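Everything on this sheet refers to the single structure shown next.
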Amino acid sequence: MSDPTLTTLALLAAAAFVAGWIDAVVGGGGLVQLPALLIGLPGASPAQLLATNKFGSIFGTATSSVTYYRRVRPDLRTALPMAAVAYVGSIGGALIGLHIPKAAFNPIILVLLVLVGAYTLFKPDLGSESIRRFHGARHTVLAMLTGFVIGAYDGALGPGTGSFLVFALVGLLGYNFLEASAKAKIANFATNLGALTVFAPMGLVIIKVGLVIAGANLLGGYVGARTAVARGSGFVRAVFVLIVSAFIVKIAGSLVGWWP
């Protein structure tokens, strides 16, 4: 593929900043960043796009993870085991994802997003406060199982990973949206790292583009995490519903041929 122009790099950086902000608040930055890479790098292979996206995203998730930890102080006794198995799941998913058609997942993702969005929209009190479900080892095991399954999905495909993590932590384990976002960022960092463990040694990352979107994603992640902490769970819930709705429109549009 030919070298991207300065204009293309600037537009990719702008998209990466927005993606980093969205990812930090509630997940789903891939809705912005992946289409931008697809448009800006028409000569790149799907594997290169996924790898470069992961390279940029990991800087944003690392920054937002640290920012959330400093300001929210999520319980690492749950977050770290969840992240560890999410890393393993992502490696397995990335290895599988190299050999399966990505388009086959769109109908499944669409159904999941509709269910997640509807459940959140029609339960206005969901995630407004922490009401822990399950306790002790059972709580940790369920968090780890969630991390592994969503980690495998992220390695294989990826769109909506952060949103699925947040929803699982809120709906299944009973966290409020702010605390769920904090733990989801730690797990999402691990899933990005797991995918890169597979993609980077294969030389699939487009370094020049990756470095540009990494810097922008990092800044967006920092701003987004600070915004979410300052505005609280109600704000995060509203953004969550908005992003899930946008995902539904995007994927449904792809399935009926409105856009690629």
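Just so it is clear, none of the values below were taken in a lab; they were calculated from the coordinates. Quick caveat: nothing in here was measured; it's all calculated off a predicted structure. Every residue, glycine as well, gets a Cβ built from its backbone with ideal geometry; the counts of neighbours run over all protein chains shown.
Normalised by the number of residues in the stretch 6-256, the average gap of Cα pairs under 8 Å and 6 or more apart makes the relative contact order 41 percent.
Partner lysines whose Cα lies under 19 Å from the Cα of Lys250, excluding those fewer than 8 positions away in the same chain, are identified as Lys102.
Per-residue packing, averaged as other Cβ atoms within 10 Å, sorts the ranges 247-253, 215-221, 23-29, 5-11 into the order 23-29, 215-221, 247-253, 5-11, beginning with the highest.
Reducing the stretch 201-260 and the stretch 149-198 to their Cα centroids gives an inter-centroid distance of 13 Å. Each other residue within a Cβ distance under 14 Å of His139 adds +1 if Lys or Arg and -1 if Asp or Glu, for a net charge of +3.
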